[in-house]
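Below is one structure, written out as structure tokens; the observations come after it.
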Amino acid sequence: MAKRQVFYSFHFDNDVMRVQQIRNIGAIEGNTPVSANDWEEIRKNDISIKKWIDDNMKSRSCVIVLIGEETASRPWVQYEIVKGWNDHKGVLGIYIHNIKCPRNGKCNQGPNPFDNITFTDGRKLSSVVKCYNPGAYDAYNDIANNLDGWIEEAIAIREK
């Protein structure tokens with residue numbers, strides 16, 4: 001099977017080093033990382049941020065929200081989740097607080113960002129979308145060993 005094309009959603013300032021480790025797993029094709037300099041240029045205005053997200057999400061089959069301590073409060077993460085769901089992509093979350101950042105070590109587990117999104121019938125998106133919490137002992141390998149299955153499950157959930 002060809003590698004799945006995914007879009008990573010995360011809080012850039014806090015979690016980019018943890019996210020880079022997950023990108024290096026190589027099991028899937030993720031959206032191209034943005035350099036810090038390019039990100040500074042992109043985030044100058046909301047129109048350019050939205051365009052970058054929309055362009056990079058187009059050919060992806062799944063949105064993976066990498067959940068750090070403050071991810072749930074980030075407005076662009078919320079936009080990416082809603083856009084992915086509304087575009088019928090698989091959506092899942094992975095807590096990354098147990099991935100060691102070379103600068104800061106581990107962080108606290110953040111809240112579930114899918115709790116912030118509610119369907120018109122009152123249910124929270126978290127009642128449908130799964131979040132995975134890799135083990136504290138070896139979070140990297142837990143993610144590496146399960147990522148493919150988590151993605152396929154998220155796509156199957158969305159297809160229902």
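One table, with the values for the structure above:
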| quantity | calculated |
| --- | --- |
| Packing-based order for 67-75, 141-149, using average beta carbon neighbours within 10 Å, highest first | 67-75, 141-149 |
| 1.4 Å probe accessible area per residue over the chain, in Å² | 52 |
| Positive-end residue, the chain charge dipole about Cα centroid, Cβ charges, pick of Val16, Val82, Pro113 | Val82 |
| Dipole magnitude of the chain about its Cα centre (Cβ charges: Lys, Arg +1; Asp, Glu -1), debye to nearest 20 | 100 |
| Using alpha carbons only: equivalent-ellipsoid semi-axes of the chain, gyration tensor based, whole Å | 21, 20, 17 |
| Per-residue [θ]222 nm for the chain (sum of -39500 (n - 2.57) over DSSP H runs n ≥ 4, rounded to 500) | -12500 deg cm²/dmol |
| Most to least packed among 109-121, 6-18 [average Cβ atoms within 10 Å] | 6-18, 109-121 |
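The values are calculated or read from the model by the stated rules, or taken from the named source; none is laboratory data. Every value quoted in this text rests on a predicted model; they were computed, and no experiment measured them. Glycine gets a Cβ as well: all are built from the backbone with ideal geometry, and neighbour counts include every protein chain shown. To get the accessible areas, we keep the full protein, side chains included, count just its heavy atoms, and leave off ligands, DNA and RNA. Shrake-Rupley method; radii C 1.70, N 1.55, O 1.52, S 1.80 Å.
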